[in-house]
Amino acid sequence: PARKSKTSKDSSSELAVCHMLLAELEAHRCAWPFLTPVNHKAVPGYKKVIKRPMDFSTIKEKLTSNHYLNLETFIADINLVFDNCKKFNEDQSEIGKAGYNMKRFFNKRWTELLQ
Ligand SMILES: Cc1ncccc1N[C@@H](C)c1ccc2c(c1)OCCO2
């Protein structure tokens, strides 16, 4: 079947889903390590180890300033938050466990909403 070209309606509904997903992530009880940028002056080694820091407040700023061209770039930033967490934190640490829970929650929710 011919590939349906994306209409502006499609992208605005995708955008609405991104806002909703982000709001759910921010409200999650395990979101606390990811709400604001990691202060690399207060966390030894973070600046050197994590090449592309990302957090939910930065994603919200990018979303509200129309930085994301499509759904994929939004999802890529969300996953960057969790990949950074897995890279820097021990799996069984409080932050490591929070990151694992948030990633599972996100994967469940976006597949429910978008697939
Ligand atoms: C996601 C992440 N990965 C590695 C390190 C930190 C963080 N989060 C920061 C906000 C953070 C989370 C928890 C903290 C903290 C900072 O500073 C000291 C007290 O506990």
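The values are calculated or read from the model by the stated rules, or taken from the named source; none is laboratory data. Computed from a prediction, not measured in an experiment: that's the story for all the values here. Glycine gets a Cβ as well: all are built from the backbone with ideal geometry, and neighbour counts include every protein chain shown. We work out accessible area using only protein heavy atoms, side chains counted, and drop any ligands, DNA or RNA first. Shrake-Rupley method; radii C 1.70, N 1.55, O 1.52, S 1.80 Å.
Which of the residues that make up the range 17-47 are within 20 Å of LYS87 (Cα to Cα), part of a loop (DSSP other than H, G, I, E, B) and of a type in the set (Lys, Arg)?
Result: LYS41, single match.
I need a count of the residues in the range 61-85 that are open to solvent by 40 Å² or more (accessible area, probe 1.4 Å) and assigned to a helix (DSSP H, G or I).
7
Out of all the residues in the range 86-115, which are over 13 Å from PHE34 (Cβ atoms), part of a loop (DSSP other than H, G, I, E, B) and at pLDDT 95 or above?
Of everything in the range 86-115, those that are over 13 Å from PHE34 (Cβ atoms), part of a loop (DSSP other than H, G, I, E, B) and at pLDDT 95 or above turn out to be GLU90, ASP91, GLN92, SER93.
Any chance you could count how many residues in the range 84-115 are within 13 Å of the ligand (Cβ to nearest atom) and under 10 Å from the mean Cα position of the chain (by Cα)?
Total satisfying the criteria: 2.
Just give me the residues in the range 25-60 being exposed (fewer than 14 other Cβ atoms within 10 Å of the Cβ) and either away from the ligand (no atom under 16 Å from the Cβ) or among the β-branched types (Val, Ile, Thr) (or both), in sequence order.
Listed by number, the residues that qualify are ALA27, THR36, VAL43, VAL49.
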